[in-house]
Amino acid sequence: MGVRVYNTLTRRKEDFVPLNPPRVLIYVCGITPYAKSHVGHARPSVFWDVVRRYLTYIGYSVTLVQNFTDIDDKIVKKSKETGLPPEQIAETNSRQYLESMRRLNVIPADAYPRATQYIDEIIRMTEALLAKGHAYVSGGDVYFRAASFPEYGKLSGKNVDQLLPGARVEVSEAKESPLDWALWKAVPDGEPGWNSPWGRGRPGWHIECSAMVTSILGPSIDMHGGGTELVFPHHENEIAQSEAFTGVKPYVRYWLHNEMLNLEGEKMSKSLGNVVALDELLAQYPPEGLRIYLLSAHRRKILEFSIELLESAVRGWERLRSTMERCYDFLRIPADTGVSNPDRLESARQKIRQTFFAAMDDDFNTALALSAVFDLVSALNSALTEDKGRAAGPEARRMFAEAYLDLLEFSGILGVLPDVWGAQREASARVRGEGFKDLVELLVRIREEARSRKDWGLADEIRRKLQENGVVIQDEPSGTRWSIR
RNA sequence: GGCGACAUAGCCAAGUGGCAAGGCAGGGGUCUGCAAAACCCUUAUCCCCGGUUCGAAUCCGGGUGUCGCCUCCA
């Protein structure tokens, strides 16, 4: 056993062996905060959050860094259009992204560095690349000489010779070759810029990640993530810059890329304009539902997005949540009751455990892991249904509790652990005012009494009024349960 | 033009040689004053055509279709 990951560089699944176990250093390409975040941005965030949770769970000590590229052409353009300073645009959108992450239950990265905080490092790196002959000055710009890095193209599988004909690369008189890219760009007065040995300018697009990775995490990291769209040229260029600069190979031991979200068959992207705002979704749907949706396909597969699909995932989450609440309530009743067929539950549980961990080990197959979670939901619900309150002894009860704890554990790894201890119920009740809970419970008691008198009119009215106020009533053989939705 | 990925039920999706996971939706049933939830049963000739094999969704060849990257992008 052990984790295996599909590495974009080798195009194979490989055993995951970190450089200095148990430490695992991870860098994930974050957003360019020139506009609001959309659902697509949540895919890598949630995926890497699960990776971090799982690796931590199995004993690794994870350091995860995610950047903001807070200065680039788009931000400058936006600044010109709106008249707002670029820092403000970047900061507003970065904060909005982080707020969405918080709502999505994403464990905060150990650092969220900004490109503009690493200008000195970028300049130093550029100077070093010049000194080593990997870069050249042209006008006030500095370019990386792709031809100076023989392995250029190794990540994306591009053949440099075939890249040129018909290529859509930017043709510029300033560049020796169309494949070269800017490390530093001269900027006209009035645009944001920093002083440098080559005059006032700002960093090119790819160098900031190399600078942040090497200065924060070192010359060689364990995993690097980002969307497939970044494989070329962004990550290809990052490898060239970083390995040329540090002389250390490999810059990244395992490259893990996530596929895109599609909207009506087309890639969701800001440039196409077919985006669904992340904060708006989170305002309307439970974040756990969104996580379940995002984890429902393997990260290397394109996933179709629609409100209907999100809503179906939300319904799945509601089932998971209500199962946990039922299990919790069940375990609170006196200890001489237990499930009537514990052996069946136990054998299901063992099989499900095996599936879950094998799935996570196999390139973080969250879709399969999620299916194991739902299998456990079904097994627990079956056990609860069969029970009928029979006394089955402490052993049966213990087995039930074990299965329930597994469900909590798996949900925790996937970051969709519902609040089963009622803290949320309590908190919601508090938000609605002291005594809210007492009032609800009083109404439930009154309704129980009405039901025993067969006063259905009153019982139904109480149920309806509570529902209007967000309290859902369910009559079960063992009594009436209520929960806040 | 170059490189690459994908095609599995109504929708989403896992599965890379041994009787086709899971979610949502649908149908039937149990429970129930009603409702809700839950449970049980039920819904697939795995894009097409060849080949390899005792055996193929899975491997090989060909075809068709969809998408991505090569330009900013998670």
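Within the range A:266-311, the set of residues being touching a helix residue (DSSP H, G or I) at 6+ places or on another chain (Cβ under 8 Å) and hydroxyl-bearing (Ser, Thr, Tyr) comprises A:Ser269, A:Tyr285, A:Tyr293, A:Ser296. Among the residues of the range A:208-222, is any more than 30 Å from the chain's Cα centre (by Cα), touching a residue at least 24 places away in the same chain (Cβ under 8 Å) and farther than 23 Å from A:Phe16 by Cα? No: the range A:208-222 contains no residue that is more than 30 Å from the chain's Cα centre (by Cα), touching a residue at least 24 places away in the same chain (Cβ under 8 Å) and farther than 23 Å from A:Phe16 by Cα.
Yes or no: A:Glu264 over 18 Å from A:Asn93 (Cβ atoms), within 13 Å of RNA strand B (Cβ to nearest atom) and charged (D, E, K, R)? Criteria met by A:Glu264.
Among the residues making up the range A:245-261, those that are more than 8 Å from RNA strand B (Cβ to nearest atom) and open to solvent by 10 Å² or more (accessible area, probe 1.4 Å) are A:Phe245, A:Thr246, A:Gly247, A:Val248, A:Lys249, A:Pro250, A:Arg253, A:Tyr254. Among the residues examined, A:Glu304 does not qualify as without any contact (Cβ under 8 Å) to a residue 12 or more places away in the chain and either open to solvent by 60 Å² or more (accessible area, probe 1.4 Å) or away from RNA strand B (no atom under 11 Å from the Cβ) (or both). Looking only at the range A:182-226, residues that are open to solvent by 10 Å² or more (accessible area, probe 1.4 Å), within 30 Å of A:Arg43 (Cβ to Cβ) and either within 16 Å of RNA strand B (Cβ to nearest atom) or of a type in the set (A, V, I, L, M, F, W, C) (or both) come to 6 in all.
Name the residue that is surrounded by the most Cβ atoms within 10 Å (Cβ to Cβ), counting only residues in the range A:33-44 that are in contact with a helix residue (DSSP H, G or I) (Cβ under 7 Å, 6 or more places away or on another chain) and farther than 22 Å from A:Thr63 by Cα. So the residue we want is A:Pro33.
When residues in the range A:453-470 are screened for being over 22 Å from A:Ile484 (Cβ atoms), part of a helix (DSSP H, G or I) and more than 10 Å from RNA strand B (Cβ to nearest atom), 0 of them pass. Where in the range A:31-113 are there helices (runs of 4 or more DSSP H), lying fully within it, with 3 or more residues that are under 24 Å from A:Pro286 (Cβ atoms)? Once the helices (runs of 4 or more DSSP H) in the range A:31-113 are filtered for at least 3 residues that are under 24 Å from A:Pro286 (Cβ atoms), what remains is A:39-57, A:86-103. Quick one: in the range A:227-244, of everything that is within 14 Å of RNA strand B (Cβ to nearest atom) and of a type in the set (Val, Ile, Thr), which residue is most open to solvent (accessible area, probe 1.4 Å)? Once the filter is applied, the top-ranked residue is A:Thr228.
For A:Arg299, the criteria (1) near RNA strand B (Cβ under 9 Å from one of its atoms); (2) more than 18 Å from the chain's Cα centre (by Cα) hold in every case but one, which is (2). Number of residues in the range A:10-27 that are open to solvent by less than 30 Å² (accessible area, probe 1.4 Å) and either near RNA strand B (Cβ under 8 Å from one of its atoms) or assigned to a loop (DSSP other than H, G, I, E, B) (or both) equals 2. Of all residues in the range A:15-42, none that is assigned by TED's automatic domain parsing to the domain that holds A:Asp72 and in contact (Cβ under 8 Å) with a residue 24 or more places away in the chain has its Cβ atom under 6 Å from the Cβ atom of a residue that is buried (at least 22 other Cβ atoms within 10 Å of the Cβ) and among the basic types (Lys, Arg), 6 or more apart or on another chain.
Has the range A:146-160 got at least one residue that is within 14 Å of RNA strand B (Cβ to nearest atom) and free of Cβ contacts under 8 Å to residues at least 40 places away in the same chain? Yes, the range A:146-160 contains at least one residue that is within 14 Å of RNA strand B (Cβ to nearest atom) and free of Cβ contacts under 8 Å to residues at least 40 places away in the same chain. Here is a check on your reading of the model: is A:Arg319 at pLDDT 90 or above, within 26 Å of A:Asp363 (Cα to Cα) and not hydrophobic (A, V, I, L, M, F, W, C)? Judged against the criteria, A:Arg319 is not a match. Residues in the range A:286-296 that are within 8 Å of RNA strand B (Cβ to nearest atom) and touching a Gly at 6+ places or on another chain (Cβ under 8 Å): A:Ile292 only. Between A:Phe330, A:Phe356, A:Phe364, A:Phe374, the distinction of being assigned to a loop (DSSP other than H, G, I, E, B) and not hydroxyl-bearing (Ser, Thr, Tyr) belongs to A:Phe364 only.
A single member of A:Ile333, A:Ile292, A:Ile307 is β-branched (Val, Ile, Thr), more than 30 Å from A:Ser148 (Cβ to Cβ) and under 18 Å from the mean Cα position of the chain (by Cα), and it is A:Ile292.
The values are calculated or read from the model by the stated rules, or taken from the named source; none is laboratory data. Not measured: the values here are computed from a predicted model. Heads up, the Cβs are rebuilt from the backbone with ideal geometry, glycines too, and the neighbour counts pull from every protein chain shown. Protein only, heavy atoms only, side chains kept; ligands, DNA and RNA dropped before computing areas. Shrake-Rupley method; radii C 1.70, N 1.55, O 1.52, S 1.80 Å.
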